[in-house]
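Below: the structure, in structure tokens.
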Amino acid sequence: MKKTDNRRFISFEGIDYSGKSSQINLLRDYLSDKGFEVYVLREPGGTIISEKIREILLDKKNNEMDKMAEIFLYSAARIQLTNEKIAPLLIKGYYVLADRFVDSTTAYQGFGREINLDLVKKINEAATGGLMPGLTFYLEIEPKLAALRRVESGRTEDRLEKSGIEFYNRVFEGYKKIAKQEPGRVKVIDARLSIEEIHRQIIKIININ
Ligand SMILES: Nc1ncnc2c1ncn2[C@@H]1O[C@H](COP(=O)(O)OP(=O)(O)OP(=O)(O)O)[C@@H](O)[C@H]1O
Ligand SMILES: [Mg+2]
């Protein structure tokens, strides 16, 4: 089977409050203005089945969830999303902007929950069918600074966010390692810069004339 062209598949990664949604919205408008069709996906979610799985994952009542159950749920949501939405959209020529993708599993379940990284890699391959983003923007910000943004926004914590600062520090270090391992795909952006400056850096990297 022909490999799906992933050049228009762009994921955004980073801990909570790193500014992913803000940047995705700006990039969506930028690409739309250029005349491209753009589809924004939220992970976990993006299909009816995947959104149901998202509800289970983010429900505060499920705080006894086993970490292996958690990784399989994320991965189940992802393969459904990949096959039902991402691959067909790329074939139609859309830009697909993903609010989190497979690197989140490596960072959160692998480094954060300390599931064996070789196993995580295999699970990730199964969960994407090998369809990786052509480009990933990692919005890097220290957990302490991100937590300040949360306080400022006045939002309450969900189940994941209750995991504590040590967990977030492991995730932060994990993202660093991911970016180091795949510098061609993963672009590290300083998420402490202004929303406008980060947007400028992103469109410079995407480089559409
Ligand atoms: N570069 C920035 N500088 C200062 N504040 C920012 C920046 N980017 C985003 N914010 C603010 O931080 C908060 C979180 O931003 P945003 O929702 O884009 O992050 P996120 O990564 O999508 O978070 P989540 O993982 O919770 O969805 C918002 O109040 C937003 O306005
Ligand atoms: Mg967001």
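The values are calculated or read from the model by the stated rules, or taken from the named source; none is laboratory data. Just so we're clear, the structure is a prediction, and the values are computed from it rather than from any experiment. All Cβ positions, glycine included, derive from the backbone under ideal geometry; neighbour counts span all protein chains shown.
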For this session: Would you be able to say whether some residue in the range 114-125 is surrounded by fewer than 18 Cβ atoms within 10 Å (Cβ to Cβ), free of Cβ contacts under 8 Å to residues at least 24 places away in the same chain and basic (Lys, Arg)?
Result: yes
Problem set entry | Residues that are in a helix (DSSP H, G or I) and away from ligand 2 (no atom under 16 Å from the Cβ), drawn from the range 198-208 | Arg200, Gln201, Ile203, Lys204, Ile205, Ile206
Problem set entry | the range 21-38 residues that are touching a residue at least 12 places away in the same chain (Cβ under 8 Å) and closer than 16 Å to Gly93 by Cα, paired with ones that are within 16 Å of ligand 2 (Cβ to nearest atom) and charged (D, E, K, R) (beta carbon under 7 Å, 6 or more apart) | Val38/Arg28
For this session: Name the one entry in Arg150, Arg155 that is assigned to a loop (DSSP other than H, G, I, E, B), farther than 23 Å from Leu81 by Cβ and either out of contact with any strand residue (DSSP E or B) (no Cβ under 9 Å at 6 or more places or on another chain) or of a type outside the set (Gly, Ala, Ser) (or both).
Result: Arg155
For this session: With respect to Leu135, determine if the residue is under 17 Å from the mean Cα position of the chain (by Cα), within 16 Å of ligand 1 (Cβ to nearest atom), closer than 20 Å to Ser22 by Cα and modelled with pLDDT of 90 or more.
Result: no
For this session: Take the range 164-197 and flag every residue that is within 16 Å of ligand 2 (Cβ to nearest atom), farther than 30 Å from Phe36 by Cβ and among the aromatic types (Phe, Trp, Tyr).
Result: Tyr168
Problem set entry | Options Ser11, Ser75, Ser21: the member that is within 16 Å of ligand 2 (Cβ to nearest atom), closer than 20 Å to Ile178 by Cα and small (Gly, Ala, Ser) | Ser11
For this session: Quick one: count up the residues across the range 180-197 that are part of a helix (DSSP H, G or I) and touching an Asp or Glu at 6+ places or on another chain (Cβ under 8 Å).
Result: 0
For this session: Determine which member of the set Val171, Val188 is in contact with a helix residue (DSSP H, G or I) (Cβ under 7 Å, 6 or more places away or on another chain) and away from ligand 1 (no atom under 14 Å from the Cβ).
Result: Val188
